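This report refers to the structure that appears directly beneath it.
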Amino acid sequence: MLTLSRLIDKIAELTGKAGALVLPLLVLTILLNVFLRYVFNIGLIELEELQWHLNAVAVMCCLAWAYQCDDHVRVDLLHARMSPRKQALVEVLGVVFLFLPFTLLLIHHSWTIFSFSWRLKEGSPMPSGLPARYIIKGIMAAGITLLALQGVSILIRSLQRLVRPEETA
């Protein structure tokens, strides 16, 4: 099971690092948009939509990696004061009863939305907007799926800490 956990961790890390590479492009897109708008009074819907799409790619690719690195929101006031065993127990309960049910619901709906968008070959409602909106919806569904898999990885490692704390690496 730890092998599966390590595989999921590696996929989440590689996806997160790839998603982080989108951030400089996002910054350049924002700078170009601001420059065109405020210097030349030119507003481009394509750049507005590209900003949102690039932001979505970065966020959805990095969600699982952030969870893996423990860079997510947590009530550290309580968590930091717990023993490693209690932390693992809280993690198991949180993943099983809160995290997985929520992400599984999101996965179901996000893939449904993506497939509907794919069948329609959905594009931007704006005449000059970006085509193929279904691509970003697919990236969002994949990102949520990877996040849920990362939850499974964390569940495996937390169970390992509870069952065999001496073997946890």
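The values are calculated or read from the model by the stated rules, or taken from the named source; none is laboratory data. Every value quoted in this text rests on a predicted model; they were computed, and no experiment measured them. Please note: Cβ atoms are built from the backbone with ideal geometry, for glycine as well, and neighbour counts cover all protein chains shown.
All of L63, L104 fail the test of being surrounded by fewer than 16 Cβ atoms within 10 Å (Cβ to Cβ), in a helix (DSSP H, G or I), in contact with a helix residue (DSSP H, G or I) (Cβ under 8 Å, 6 or more places away or on another chain) and at pLDDT 90 or above, apart from L104. For the range 120-129, the criterion of a residue being under 28 Å from L36 (Cα atoms), touching a residue at least 60 places away in the same chain (Cβ under 8 Å), among the hydrophobic types (A, V, I, L, M, F, W, C) and outside any helix (DSSP H, G or I) is satisfied by at least one position.
Taking the range 7-51, which residues are surrounded by 14 or more Cβ atoms within 10 Å (Cβ to Cβ) and under 30 Å from S158 (Cβ atoms)? Correct list: I8, D9, I11, A12, E13, T15, G16, A18, G19. Before we move on, is R119 surrounded by fewer than 18 Cβ atoms within 10 Å (Cβ to Cβ) and basic (K, R)? So R119 fits the description; yes.
Of all residues in the range 136-151, none are in contact with a Ser or Thr (Cβ under 9 Å, 6 or more places away or on another chain), more than 25 Å from M1 (Cα to Cα) and surrounded by fewer than 17 Cβ atoms within 10 Å (Cβ to Cβ). In the range 38-49, the residues that are in contact (Cβ under 8 Å) with a residue 24 or more places away in the chain and among the aliphatic types (A, V, I, L, M) reach residues that are part of a loop (DSSP other than H, G, I, E, B) and surrounded by 11 or more Cβ atoms within 10 Å (Cβ to Cβ) with C-beta atoms within less than 8 angstrom, at least six apart or across chains, in these pairs: I45/S124; I45/M126; I45/G129.
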